[in-house]
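In what follows, a single structure is set out as structure tokens and then discussed.
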Amino acid sequence: MKTSNIVWIVILIIVVIGGLYWWASSSMQPAPQTATETPTETSSQSVSNPVLSYTTSTTSVGTYLVSSNSMMTLYQYSKDTSGVSNCTGTCATTWIPYTVSTSTSLSATSQNIVTGQIGTITRTNGTMQVTYNGMPLYFYSKDVNPGDMKGNNFGGLWSVVKP
């Protein structure tokens, strides 16, 4: 067998193994996290679990916001503007928009620490994304446990949300 044929076979094997590794690692990513808070009725008054919560950390990050349903860290994207999400397509696969149903009552924990304005914007696909002080909120797909902050300062564009 010629040396050039052996080289091509080795290259083909490397490409196949690399493709399998990529496929396996991408299929093991956590499913997108979507808020599921829904209002409950209590004596004719609509009440809801809070959408935002906060936590304190012993790291240099200090106090930061998390979703109250999963306690996962929330992020903001520096390329967003107030009321506008600029993270779409593949960006929104890695940086999962924090969405809620249209019937969700927006509130934060009753702590004085969360002083900003909570709201929503309508994304281009029609979903309602939660905002804090007008800025859209996201989860990072590589954060798998509450307290993970793997996306903080990612690419100099993403940061945890400070209350």
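Bear in mind that the values in this text are calculations on the coordinates, not laboratory data. Source: prediction; values computed, not measured. Please note: Cβ atoms are built from the backbone with ideal geometry, for glycine as well, and neighbour counts cover all protein chains shown.
MET135 sits among other residues whose Cβ lies under 15 Å from its own Cβ, and their net charge, with Lys and Arg +1 and Asp and Glu -1, is +2. With both labels modelled 7 Å from their Cα along Cα-to-Cβ, the VAL61 to SER101 distance reads 2.9 nm.
When each of TRP8, TRP95 is scored by the number of other beta-carbon atoms lying within 10 Å, the sequence from fewest to most is TRP8, TRP95.
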